[in-house]
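Only the coordinates and a few stated rules stand behind these numbers; no lab work does. Since the structure is predicted, the reported quantities are computational estimates derived from the model, not experimental observations. Here the Cβ positions follow ideal geometry from the backbone for every residue, glycine too, while neighbour counts run over all protein chains shown.
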Amino acid sequence: MVVLPLLTAACATTSGDLRTGCERGSTYACSQWGSDLLAQGEKQQAENAFARSCEGGTIEDCITQGQLMLERGELDGAEAPLTKGYEYESEQATWALAELYQTRRQPGDAERAQLMLWEAPAIDKPDREFIFWYRPSPTGGETTYALAYSFQPMSFWARRMTLGLHFAGNDLGANELNASIGYQYFLTPDVVPYGTLLLGGAFQQHSVNVGAEAGVKWCLGPFGHLNVGAGISVGSPLHASIGIGINSLPIELLLLLAGH
């Protein structure tokens, strides 16, 4: 069989080229070489390659380096690369740091671990969300819709609190415009129940609008989320809603959509 020796030689050549490139300072070569070594079970050499890639600015490799160091008990050494991942808002790095602090137990580590556990489910979520809701009528009456633009930076209780603008309407035009304040609970990093209070104006009723909504979001990574909910307000009688959220859509587009 000639094929197997040829494949082995090709792999060895590729690995050798990556090693040479890494030693010459190529961050890409270090990253690829580290992945190859890890696949071969050469964890210590892979860790060294990922360390070089991390120094070159590849955050994902910083996280992998830190996890490998954590795995072999090098807690102090693992802290720096994992912290780089945490500062880049990586959920994976944040959970790993929590594990590190829980294991190391130096002064202050218990508090650091609690902070990491608190922030981890929310850390990779967006600072802003644009949300559209479709509100089917359960009685066959008028169908309405709603738009919202929500702000939820990490400084707001690790994204648990939200502030925003909320607009609802129907085929006749604008129905209500509100300021909103809400709280969301990270049941898991992907399943997030929420509740929102609304205060603004109900245009068709010519009155102040007061209302509330509650629901559940299913997060879709860096893209957005899906949600279902229910609510009631002066401008919108009791209703159910089906929604889709998009991460970090510019507020100018929301105002343009609301204007139409």
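Of the peptides 27-35, 240-248, 145-153, the order by per-residue mean of other Cβ atoms within 10 Å, starting with the highest, comes out as 27-35, 145-153, 240-248. If only the Cβ of Lys and Arg carry +1 and only the Cβ of Asp and Glu carry -1, the dipole of region 18-122 around its Cα centre is close to 260 debye.
A dipole drawn for the chain from +1 and -1 charges on Cβ atoms has a positive end, and of SER26, GLN40, TYR183 the residue lying farthest that way is TYR183.
Which one, (1) 21.5; (2) 19.0; (3) 22.6, gives Kirkwood radius over Cα pairs in Å as derived from the coordinates shown? Computing Kirkwood radius over Cα pairs in Å and matching it to (1) 21.5; (2) 19.0; (3) 22.6 gives (1).
Using every pair of separate Cα atoms, the Kirkwood estimate puts the hydrodynamic radius of region 18-122 at 13.8 angstrom. What lysines sit close enough to LYS84 to cross-link, taking a C-alpha to C-alpha distance under 28 Å and skipping anything fewer than 8 places away on the same chain? Qualifying lysines at Cα under 28 Å: LYS43, LYS125.
Charges at C-beta only: +1 for Lys and Arg, -1 for Asp and Glu. How large is the resulting dipole of the chain about its Cα centre, in Debye rounded to 20? Display every interim value, and only then the final one.
On the way: 15 positive and 28 negative charges, 67 e Å.
Value, rounded to 20: 320 debye.
Computed from Cα atoms, the angle from the helix 43-55 axis to the main principal axis of the chain rounds to 60 degrees.
If exposed trypsin sites (Lys or Arg not before Pro) are those in a DSSP loop with at most 13 other Cβ within 10 Å, what is the longest stretch of the chain that has none? That gives 106-260 as the longest site-free run.
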